[in-house]
């Protein structure tokens, strides 16, 4: 707010408002509550109205949409029916109608269940896509049986009749039998019309589905349901409203008996679509919205009032209380309490006042105490000053005594001043320590002299030992050299060995090769022997066969022998016969004929004799043959025996060859192993050589190392000589130091003459001159420091 | 949806359609007509199901078996009869009917030998005889319609079978005897593709037949028959369909399909329901012939109208003769009288 605004508000606000914060607060809250209430109530009324109108409109719209959808469907069915009846082919009846109707049906929508052509004068179905042609209309009992339409004039022909409610088709399956029929007259006829039967299931389904919570029914002028057959709609939805809606064609909304109805006329029919919904359900949204708005307003106002009251009691009361207590504190009462158990800003304000009050009290107290303390300190400082001056004088005297060489003088540490007491104690401690140091130096100088002598002796011993070490190391070094040489010799030997082993490996491979060749040759020999054996076996068989043949021949010969004997016998008998015949002939020598008989007998005899000779000759020859055969048999037998003997020999040879092959194989294996071993040996030898070379290297290094050690030992020996010399010098100096220290008077040592030394007396006059100061005696430096400290204390 | 008035007295029929479901303009749509007719005439209630309701990679026969079982186990409503359409359901039904002996089934175009399954088959030779008559009459003449045209100096017709089996032999025998009935000296050329699912071979074989002078080729070869139609379109000749009105179920070929030998599945369904309601349901096999609309000749949707009325009359006469029993159609090709043996039009 600008300054102007503020001044205007100041002039406008009444005086009591300007003076009281409480009044301002209360008035503002009241104003806000009033505004919220007003806006809330206005919003409530408006929302309620809007929601109600919406609901009503929605219901009317649903109804109108259903009506429109139905109307559209009816219109399309009308057009289809009309176009069917308008076909010229139906004007003359020629028996081909059924096929025509079937053709039409296949082109039309699938919802169309059947098309019939009705003849009203014959009261029969003329043709149909269903098998009812020729049926009497009475038997069918369908609503389209007697429709009063006529196609006489073109206007009448345009009319399409609709069954005023669904009906049960006598042609349909039982689960989809509800249908609606449309009828249209065939133009220029008076007794013929086309009926189109269509399913209502899909329409019913779409109407049922369309709106949530609402139920839409379609009623005809008598208030009967159109899409379900023979069902009376409830009385409430019939009557005046339906009629009015049908006449006006406008949708109407009526609420009656707890039910909200929306009516919409189905264009092109006498039907009305009635969408009904339970009023409570319909306005459920309105009521709930109103209740919620009301609740919001009330909650707002109440919580504002509550917030106002609480804020007022929480802020205004403590402010007044604070103002009163501050006034009391202002009047001088610092004991006023500002305690509060609140932790908010008000609580913090109380705490602020409380700490302000405490701080004020503390400051006043502090000022008073400071003044008293300052006065006490002033007095104490004055006394202290006096005491210090007194003590300083006392200490000065003691220091002068000490400076004069009496190291036994001590200060009195009793003093009011801590600093003075510390000075005295420190000085006494210093003097005691100084005394002790001088004594210690004296003793130390004696010790050093003795020790130096001992060192000299010891280092002599060490030196001789060191020399021995040098010698030993030299020996080691020599040994290492020899070892090195030997290693080299070993290495050369090993190299040689390796070469030889390699050669052995090579040679053994050659041998292995030879052995395997021998094995192969042995195998071949064995096979040849086998062949020879086979050959011999066959020779033997042949020989046996020959023997058999000869023996058979022998048998044959024997048989021939028998035959020749038989022939000889026959010859004998023939001869006998010839003799008898000759005797007979000689007995009858009377006739010429008998002489002939005698001649024949003679010839027979002669023949018998020849035969006998021939038989004897055969016998002789057979005898010779037998002898030769026997000889052949023997020879063959001996040949066979010999072959058998040879066969054995060959078998032995074959088995020997087998053994040779076997040995050659084993030899080969053995040599292979040798060869492998030799190779392995060669490799191992290589490794040994490498190791020996490594050892030689190490021994080289050892030798070098030993020489280094020997050198070091020699160096050590010479160093020890120097140490000995140094020790001797040290001993000498220690003696000199001892003599110098004898000049001081200390509590542990009385000088031989009992007087302070002249050097010590001279200290009183100032520092000793540089030429008189012994370079070994560092204790004089401490003496200087002690003096300086003393002067500081003054 | 308010459930229907499920009086337990109502007869409930479960329809289980072949693969493809409703809208195939073939077996399934015909079966649907049968049940609708029963619904109007006999006041039964029914339910439609087809294997496409089961999703996922399940074999067709497994889908059928599941649905057949589902119908059997349903309690509200319980089904008095389940109609299984098509021979592909025969194998699963054989198993399911054995399990569910209390459920009554019927099957069309297949045989299941179970006491609770009524099998409905067709006297294919009778229907084939009529289309044979039609082909025989046409090949004698000069005739053009749609994409086809006859070769006037040839009296030759053809037949393409799927697999050489007794069942297909009935088609061939009926067709040949019908053609002979029209023209004693007609030449009937026959080929078998060896498969019901090979349109390529069907096309090759039919093309050969057309090249040898056949004016019309009739097929009994399932999907292989589609190749016959293609060949007819390429060669500019005619073909005859089978089972359903193929000029409607396969409209691409409507310009060469003179007619189809249609198995009236609707009649089978209707008759099975009727017998069920009359307590006559049995495990027998019922063969439907030309009598009482078991089979019919459906002239092609596109070119059927062009068939001369005299020929249609001749075909109708043949039908009457068979129904009356004055003509006995052979069921085996070997029993058909040879060419020139004096086939006489009745």
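The values are calculated or read from the model by the stated rules, or taken from the named source; none is laboratory data. Everything numeric in this text was worked out from a predicted model, so none of it was measured. All Cβ positions, glycine included, derive from the backbone under ideal geometry; neighbour counts span all protein chains shown.
Only one of the numbered conditions (1) assigned to a helix (DSSP H, G or I); (2) surrounded by 14 or more Cβ atoms within 10 Å (Cβ to Cβ); (3) touching a strand residue (DSSP E or B) at 6+ places or on another chain (Cβ under 9 Å) is not met by residue A:83, and that is (2).
As a summary of the residue check, residue A:189 satisfies the conditions (1) closer than 22 Å to residue A:86 by Cβ; (2) within 10 Å of chain B (Cβ to nearest Cβ); (3) not in a strand (DSSP E or B) except for the one numbered (2). Across segment B:42-80, which residue is nearest to residue B:267 (Cα to Cα) among those that are touching a residue at least 40 places away in the same chain (Cβ under 8 Å) and at the interface with chain A (Cβ under 9 Å from one of its Cβ atoms)? By that ranking, first place goes to B:45.
The residue of segment A:134-152 that is nearest to residue A:102 (Cα to Cα), among those that are within 14 Å of another protein chain (Cβ to nearest Cβ) and surrounded by fewer than 17 Cβ atoms within 10 Å (Cβ to Cβ), is A:134.
When residues in segment B:269-285 are screened for being within 14 Å of chain A (Cβ to nearest Cβ) and in contact with a strand residue (DSSP E or B) (Cβ under 7 Å, 6 or more places away or on another chain), 2 of them pass. Looking only at residues in segment A:263-295 that are in a helix (DSSP H, G or I) and touching a helix residue (DSSP H, G or I) at 6+ places or on another chain (Cβ under 7 Å), the one that is surrounded by the most Cβ atoms within 10 Å (Cβ to Cβ) is A:282.
Among residues of segment A:200-213 that are closer than 19 Å to residue A:279 by Cα and within 13 Å of another protein chain (Cβ to nearest Cβ), none has a beta-carbon under 7 Å from a residue that is assigned to a helix (DSSP H, G or I) and modelled with pLDDT under 70 at least six positions away or on a different chain. Looking at residue A:180 and the list (1) modelled with pLDDT under 80; (2) away from chain B (no Cβ under 12 Å), which single condition is not satisfied? Unmet condition: (1). Among the residues in segment A:372-382, are any surrounded by fewer than 10 Cβ atoms within 10 Å (Cβ to Cβ), out of contact with any helix residue (DSSP H, G or I) (no Cβ under 6 Å at 6 or more places or on another chain) and outside any helix (DSSP H, G or I)? Within segment A:372-382, not a single residue is surrounded by fewer than 10 Cβ atoms within 10 Å (Cβ to Cβ), out of contact with any helix residue (DSSP H, G or I) (no Cβ under 6 Å at 6 or more places or on another chain) and outside any helix (DSSP H, G or I).
Every listed requirement among (1) at pLDDT 95 or above; (2) more than 18 Å from residue B:308 (Cα to Cα) is met by residue B:131 save one, (2).
Please verify whether residue A:487 is in contact with a helix residue (DSSP H, G or I) (Cβ under 6 Å, 6 or more places away or on another chain), crowded, with 16+ Cβ neighbours inside 10 Å and modelled with pLDDT of 75 or more, treating the condition exactly as stated. So residue A:487 fits the description; yes.
Could you count how many residues in segment A:134-185 are in a loop (DSSP other than H, G, I, E, B) and in contact with a helix residue (DSSP H, G or I) (Cβ under 6 Å, 6 or more places away or on another chain)? Working first, answer last.
At the first step, the residues of segment A:134-185 found to be in a loop (DSSP other than H, G, I, E, B) are A:134-135, A:141-142, A:147-153, A:158-160, A:163-166, A:169-173, A:177.
With in contact with a helix residue (DSSP H, G or I) (Cβ under 6 Å, 6 or more places away or on another chain) added as a condition, the list becomes A:150-151, A:160, A:163, A:170-171.
The number of residues fulfilling the criteria is 6.
Answer yes or no: is there a residue in segment B:8-15 that is within 10 Å of another protein chain (Cβ to nearest Cβ) and either surrounded by fewer than 24 Cβ atoms within 10 Å (Cβ to Cβ) or in a loop (DSSP other than H, G, I, E, B) (or both). Yes: one or more hits.
Scanning segment B:199-214 for residues that are buried (at least 24 other Cβ atoms within 10 Å of the Cβ) and in contact with a helix residue (DSSP H, G or I) (Cβ under 6 Å, 6 or more places away or on another chain) turns up B:202, B:206, B:210. Have a look at B:33, B:66 and point out the one that is at pLDDT 85 or above, surrounded by fewer than 23 Cβ atoms within 10 Å (Cβ to Cβ) and within 23 Å of residue A:177 (Cα to Cα). None of the others qualify; the one that does is B:33.
Restricting the search to segment A:691-708, which residues are surrounded by fewer than 14 Cβ atoms within 10 Å (Cβ to Cβ) and within 20 Å of residue A:468 (Cβ to Cβ)?
Of everything in segment A:691-708, just one residue is surrounded by fewer than 14 Cβ atoms within 10 Å (Cβ to Cβ) and within 20 Å of residue A:468 (Cβ to Cβ), namely A:708.
On the stretch given as segment B:303-338, residues that are exposed (fewer than 15 other Cβ atoms within 10 Å of the Cβ) and in a helix (DSSP H, G or I) total 11.
Given A:393, A:317, A:412, which one is closer than 30 Å to residue A:30 by Cβ and out of contact with any strand residue (DSSP E or B) (no Cβ under 9 Å at 6 or more places or on another chain)?
Working: A:393 fails: closer than 30 Å to residue A:30 by Cβ; A:412 fails: closer than 30 Å to residue A:30 by Cβ.
Exactly one of A:393, A:317, A:412 is closer than 30 Å to residue A:30 by Cβ and out of contact with any strand residue (DSSP E or B) (no Cβ under 9 Å at 6 or more places or on another chain), namely A:317.
Scanning segment A:303-325 turns up no residue that is within 30 Å of residue A:219 (Cα to Cα) and either surrounded by 14 or more Cβ atoms within 10 Å (Cβ to Cβ) or touching a helix residue (DSSP H, G or I) at 6+ places or on another chain (Cβ under 9 Å) (or both). Filtering segment A:153-177 to residues that are under 25 Å from residue B:37 (Cβ atoms) and within 14 Å of chain B (Cβ to nearest Cβ) leaves A:166, A:167, A:168, A:169, A:170, A:171, A:172, A:173, A:174, A:175, A:176, A:177.
All of A:32, A:39 fail the test of being exposed (fewer than 14 other Cβ atoms within 10 Å of the Cβ), in contact with a helix residue (DSSP H, G or I) (Cβ under 9 Å, 6 or more places away or on another chain), at pLDDT 85 or above and part of a helix (DSSP H, G or I), apart from A:39.
Of all residues in segment A:214-255, those satisfying the criterion of being at pLDDT below 75, within 14 Å of chain B (Cβ to nearest Cβ) and farther than 30 Å from residue A:127 by Cα are A:231, A:232. Once segment B:16-41 is narrowed to residues that are under 26 Å from residue B:98 (Cα atoms) and touching a residue at least 40 places away in the same chain (Cβ under 8 Å), the residue that is nearest to the other protein chains (Cβ to nearest Cβ) is B:35.
Please work out if residue B:144 is within 14 Å of another protein chain (Cβ to nearest Cβ) and farther than 27 Å from residue B:24 by Cβ.
Working: within 14 Å of another protein chain (Cβ to nearest Cβ): no; farther than 27 Å from residue B:24 by Cβ: yes.
No: the conditions fail for residue B:144.
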